[in-house]
Structures are given as structure tokens and as C-alpha cells.
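J.: First the structure, then my questions, so here it is.
The values are calculated or read from the model by the stated rules, or taken from the named source; none is laboratory data. Since the structure is predicted, the reported quantities are computational estimates derived from the model, not experimental observations. Cβ coordinates were reconstructed from backbone atoms using ideal geometry, including for glycine residues, and neighbour counts include every protein chain displayed.
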Amino acid sequence: MTPLHRLIKQRREQLGIGQGEIAERIGVSFYEYVDVERYDDEITQVLPLKHVRSLATVLGFELGTLLGVGSLAGKPSASSKPRHTILAEARNRLGMSVEKMADDIGYDERFVHCLETDDQTLETCPYEVLKTVAECLKLNPADLL
């Protein structure tokens, strides 16, 4: 099986898009994008989710494919509620304090407050952070995409 970073490079080349152009189109520096084509874990561990979404759109890949969770097409959404509401409700359902959650995921309490009040917070984080938060709250990470 071809590594993801090679598939990304092949698709970009098939589309005739240069590395600089694609970096600009998805909103990252040239060097950040070059790392995407060098390392498989760059997509999930470094690149913020909003940029992965943009990359998927530009290259014509499904988001789930780039994140290694498989196709998200046709999967019913876990809820029609915004993600920040889902996260706050899950934490409360578990009887977990903000302090405990922050400690469990390795982030500051302010980050947990942002997660629970701003739906765009997860978009600024790599997928691995979303996955850590979801697992802490006993949620399916794919349902938060």
C-alpha cells in the first residue's frame, strides 16, 4: 500500500499544482506543506484540521481518507448539535470537572473552556488532539469531524 504522503504528492502532481501554490491555497507556509509530502503523521499530528479540510478539497480526497478514519460519506452525524455543545454535554454526563479533563488530555483548563464555548477551536488543532479529546469523553472522533 502506498504511504499517504506519497499519495498526496502524486495527486498534487496529477493536478499540475506546485507545492507553493497548494501551500498558499490551503493556508500554510511552503515548508509546512513540504512536510506533509514527507511525513505521513504530519497530517494527523501537526497540521490543523482546517488546513487538512482545505487540502482534502483541493486534492479531491475525502477528509476521512486523509485522516486515516476511512470514508465519512453516508455516515450519519452523531448529533445536529454544534461540537462545542457535544463536548460540554459529554464532559458533564461523565461527571468530569474541567480541571480533570484538562489534566487527562494534557492541556490547560482555558483550552477546555474554549472547546466548550467555541465550535472552531477544534479546527485549529491537529486531528490527534481532536482524537485525544474524543477518547477522554468516550466519543467517536469521526463524529466530531
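J.: Among the residues of segment 87-111, count how many are among the β-branched types (Val, Ile, Thr) and closer than 19 Å to residue 50 by Cα.
T.: Of all residues in segment 87-111, those among the β-branched types (Val, Ile, Thr) come to 98, 105.
From what's left, closer than 19 Å to residue 50 by Cα: none.
Counting residues in segment 87-111 that are among the β-branched types (Val, Ile, Thr) and closer than 19 Å to residue 50 by Cα gives 0.
J.: A further question follows. Does segment 100-121 include one or more residues that are of a type in the set (D, E, K, R), closer than 30 Å to residue 8 by Cβ, out of contact with any Phe, Trp or Tyr (no Cβ under 8 Å at 6 or more places or on another chain) and assigned by TED's automatic domain parsing to the domain that holds residue 11?
T.: No, there is no match, as no residue in segment 100-121 is of a type in the set (D, E, K, R), closer than 30 Å to residue 8 by Cβ, out of contact with any Phe, Trp or Tyr (no Cβ under 8 Å at 6 or more places or on another chain) and assigned by TED's automatic domain parsing to the domain that holds residue 11.
J.: Another one. Identify the single condition in (1) over 16 Å from residue 139 (Cα atoms); (2) at pLDDT 95 or above; (3) buried (at least 18 other Cβ atoms within 10 Å of the Cβ) that residue 112 does not satisfy, given that it satisfies every other one.
T.: Only one criterion in (1) over 16 Å from residue 139 (Cα atoms); (2) at pLDDT 95 or above; (3) buried (at least 18 other Cβ atoms within 10 Å of the Cβ) is unmet by residue 112, namely (1).
J.: In this structure, does residue 28 turn out to be farther than 24 Å from residue 135 by Cβ and either more than 17 Å from the chain's Cα centre (by Cα) or outside any loop (DSSP other than H, G, I, E, B) (or both)?
T.: Numbers: farther than 24 Å from residue 135 by Cβ: yes; either more than 17 Å from the chain's Cα centre (by Cα) or outside any loop (DSSP other than H, G, I, E, B) (or both): no.
No.
J.: I would also like to ask the following. Restricting to segment 19-40, name every residue that is farther than 13 Å from residue 51 by Cα, among the small types (Gly, Ala, Ser) and surrounded by 13 or more Cβ atoms within 10 Å (Cβ to Cβ).
T.: none
J.: Still on this structure: Looking at segment 45-71, which of the residues that are of a type in the set (A, V, I, L, M, F, W, C), modelled with pLDDT under 95 and touching a Ser or Thr at 6+ places or on another chain (Cβ under 9 Å) is nearest to residue 3 (Cα to Cα)?
T.: Ranking the candidates gives 66 first.
J.: Only residues that are surrounded by fewer than 20 Cβ atoms within 10 Å (Cβ to Cβ) and more than 16 Å from residue 50 (Cα to Cα): list them for segment 115-138, please.
T.: Of everything in segment 115-138, those that are surrounded by fewer than 20 Cβ atoms within 10 Å (Cβ to Cβ) and more than 16 Å from residue 50 (Cα to Cα) turn out to be 117, 132, 135, 138.
J.: To continue, here is another question. Mind checking which helices (runs of 4 or more DSSP H) fall wholly inside segment 66-145 and carry at least 2 residues that are within 19 Å of residue 41 (Cα to Cα) and not aliphatic (A, V, I, L, M)?
T.: Passing ranges, in order: 127-136.
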